[in-house]
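Each value in this text was obtained by applying a stated rule to the coordinates, not by laboratory testing. Computed from a predicted model, the values in this text were never measured in an experiment. Cβ placement follows ideal geometry from the backbone for every residue including glycine, while neighbour counts extend to all protein chains displayed.
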Amino acid sequence: MLSAREVMLVSKIIPVISVDSVEESLRLCEALVLGGVNIFEITLRTACAIDAINAVAREFPNAVTGAGTVLNAEQFKMVENAGATFAISPGLTQELASYKNSIPLLPGVATASEIMQGLAYGYDAFKLFPANIVGGIGALKAFGAPFKDVVFCPTGGINAANAREYLALENVLCIGGSWIVPNDLIKEGNFKEITTITKEALAALKS
Ligand code: 3PG
């Protein structure tokens, strides 16, 4: 089992995925792998999400398939059973924290108090959400002083223009977002363009 930090080190970018069919999820994840991203956060925002996690986890055994928008223990159990290797939630509840999970959870935080609550539950790696709204780069810099051993995956409002600045921060291991998987391209079936965007995004982070 990967730890939360190991999950965060798989790729600089965790794509936040919302799909309307299993077929769409397979084509999308193939496009991401071709573009160089081998980690997926498939969110529980659509009816097919659990089936999509199951299919993607089986079809891409060398990639890391996770679940997003995991809001309660029942959903946590469902994504584990579907084959997810990590879970992400927009926040943290007592119910989620006390669930006897077999895969790591990256809980969402937005404030110092939420980080402190997460630390008290034993978490030291978080999603900052919604990153751009709750203070973005400035908040992450400020959190670095009192919470020096805490790491983040900022998500929400990340794009090609600000990705580098986020990743330059010491306490940011990776960034999450949907900008490399635009919904209009998914709906058009233009997966080739998604591969191109993914390659460009990774190249921009390296140069
Ligand atoms: C999430 O749930 O993590 C966000 O909806 C992703 O945010 P973005 O669409 O602004 O990248």
Seminar exercise, completed: Selection from the range 161-187 of residues of a type in the set (Asp, Glu) and either buried (at least 16 other Cβ atoms within 10 Å of the Cβ) or more than 21 Å from Phe143 (Cα to Cα) (or both) yields Asp184
Exercise. Just wondering, is there one or more residues in the range 35-43 that are over 21 Å from Gly177 (Cβ atoms) and touching a residue at least 40 places away in the same chain (Cβ under 8 Å)?
Worked result: no
For this session: Give the number of residues within the range 116-141 that are within 20 Å of Leu9 (Cα to Cα) and within 16 Å of the ligand (Cβ to nearest atom).
Result: 8
Exercise. Yes or no: Lys127 surrounded by fewer than 20 Cβ atoms within 10 Å (Cβ to Cβ) and of a type in the set (Lys, Arg)?
Worked result: no
Seminar exercise, completed: Checking Gly91, Gly66 in turn, the sole residue that is surrounded by fewer than 19 Cβ atoms within 10 Å (Cβ to Cβ) and within 16 Å of the ligand (Cβ to nearest atom) turns out to be Gly91
Exercise. What residue, among those in the range 188-207 that are hydroxyl-bearing (Ser, Thr, Tyr) and within 23 Å of Gly136 (Cα to Cα), is nearest to the chain's Cα centre (by Cα)?
Worked result: Thr198
Exercise. Before we move on, is Glu74 more than 25 Å from Ala160 (Cβ to Cβ) and over 17 Å from the mean Cα position of the chain (by Cα)?
Worked result: yes
For this session: Looking only at the range 142-179, count how many residues are within 16 Å of the ligand (Cβ to nearest atom), assigned to a loop (DSSP other than H, G, I, E, B) and free of Cβ contacts under 8 Å to residues at least 40 places away in the same chain.
Result: 7
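One line per residue, one yes/no per condition, for (1) within 14 Å of the ligand (Cβ to nearest atom); (2) surrounded by fewer than 19 Cβ atoms within 10 Å (Cβ to Cβ):
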site	(1), (2)
Leu32	no, no
Phe40	yes, no
Ala52	no, no
Phe60	no, yes
Gly83	no, yes
Ala87	yes, no
